[in-house]
1. Lysine pairs in the range 250-398 with alpha-carbon atoms under 29 Å apart, 8 or more places apart or on different chains: how many are there?
2. Suppose only helical runs count, i.e. DSSP H with n ≥ 4. What mean residue ellipticity at 222 nm does that imply for the chain under -39500 (n - 2.57) per run, divided by all residues and rounded to the nearest 500 deg cm²/dmol?
3. Where does each of Asp232, Asp385 land when they are ranked from fewest to most other beta-carbon atoms within 10 angstrom?
4. What distance in nm lies between label points placed 7 Å from Cα along the C-beta direction at Val140 and Glu294?
5. Report relative contact order for the chain in percent, whole number only (criteria: Cα-Cα under 8 Å, sequence separation at least 6).
6. For Ser131, Ser88, Ser363, which order do you get if you count the other beta carbons within 10 Å of each Cβ and list the fewest first?
7. Is any helix in the chain, taking whole DSSP H runs, at least 30 angstrom long along its axis by alpha carbon and on average at least 0.5 on the Kyte-Doolittle scale, and which ones?
8. In whole Å, what is the distance between the alpha-carbon centres of the range 251-299 and the range 330-372?
Amino acid sequence: MNFEYSEKTKQVRDAVAAFMAEHVYPNEEEMIAQIDEGDRWQPIPKLAELKAKAREAGLWNLFLPDSEAGAGLSNLEYAPACEEMGRSLFAPEVFNCSAPDTGNMEVLVRYGTEAQKQQWLTPMLAGEMRSAFAMTEIEVASSDATNIATLIVRDGDDYVINGRKWWTSGALDPRCKILVLMGKTDPDNPSRHKQQSMILVPLPWPGVTVKRMLPVFGFDEAPHGHAEVVFDQVRVPAANMLLGEGRGFEIAQGRLGPGRIHHCMRLIGLAERALERMCRRTKLRVAFGKPVAEQTVTQERIAEARIMIEQARLLTLKAAFLMDTVGNKVARKEIAMIKVAAPTMACQVIDWAIQAFGGAGVSADYGLAHAYAVARLLRLADGPDEVHRNQIARLELKQYDNTTSTTGGNAYVLPVDESAAFPSRPRLVV
């Protein structure tokens, strides 16, 4: 695997970085101030202005490969640009590359009918509409998605939906006009993975109620946020079903693979910015007669942070490379590995940066506390660490289902009793 960036990749990354330096970083404080003015759940005027500039510059829908509406970047080519976007919590939306819209647009590109694409995908690609994704439920352990209890029942030319979701990001945004919902259409199917379906629910819509917005460590993430949503006798046309009944898990796997790795790409950028702030801060602050940067504990943390970021970046690139070359299904172990590694890395690096800033680190002045909240949330979003670790272990153990294995191109037979391969090994008696 050669991870040297192509000229195309470098050009896109550099263009995004230059746009960020000219337009995003200088306006972050203004955008924060605009959120705090009046209704926090209204779109940010400055962000809308920057979106228009990004689209005019051709830095738009960069996440979409093989699409007339996208930049035609592979996952590997998109990774460095996405990392740049991750350095600011505002930036992904500026380039129309923010979750959950990216995943929902990919769903419609892959699985939507022409009518569904025309009604919802086209305005989303244009940045005129936002969306939400309703999967997680409050009453069940949603780490096992087969537990989903929301019912989708066919009634003539309609489906009727009843259930309660939460962590439905963006549902209160007035620009959110469509919600992708996962629920059960066939709860008695012997295959638990064929009980679920995905359906499109327009917003606003009769029977759909945003009950409350859920803060993350006190951050409400306005104007996007995360909603608890109640579905009470919600009737939508049967034509809103995605792909067909019983295919919800199939769609979910197609959607979550890219979504998971995009989160990891952005987290690397977030961690990079935290490390930069840490280095600058510790070089300027003096404690016990010398700059904090000269304290060995600080140097150790800076070194470990650099190592961890580079490890996460390389694993992200490997996963992206495999997704491009052998497909998401074959790359599922690498996707799961980076989904565990990147948020864990980001939490640690940001935590060290907070420590270096002292009391300022836990304030709202430097964005580190908010960055930590985002990174910590992503150890749960799109599947908790434990689920991904279990999958990694299962895939690893599957290699040993047979007694014959191949390593380095040479076949060998694994002994039934490992100790039999080393009969002269000394034994310790405890």
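Each value in this text was obtained by applying a stated rule to the coordinates, not by laboratory testing. Please read these numbers as outputs of a predicted model, since none were measured by experiment. Because the Cβ atoms are built from the backbone with ideal geometry, glycine has one as well, and the counts that use them run over all protein chains shown.
1. Numbers: Lys318/Lys329; Lys318/Lys333; Lys318/Lys339; Lys318/Lys398; Lys329/Lys339; Lys329/Lys398; Lys333/Lys398; Lys339/Lys398.
Lysine pair count for the range 250-398: 8.
2. Values: 12 runs with 180 residues, N = 430.
Counting only the DSSP helices, I get -13500 deg cm²/dmol.
3. Working: Asp232 12, Asp385 17.
Exposure proxy ranking, most exposed first: Asp232, Asp385.
4. 6.1 nm
5. 13 percent
6. Numbers: Ser131 28, Ser88 21, Ser363 13.
Final ranking by Cβ density, sparse to dense: Ser363, Ser88, Ser131.
7. Numbers: long enough: 248-284 (53 Å, -0.29); 296-325 (43 Å, 0.24); 332-357 (38 Å, 0.65).
The qualifying helices are 332-357.
8. Answer, in whole Å: 7.
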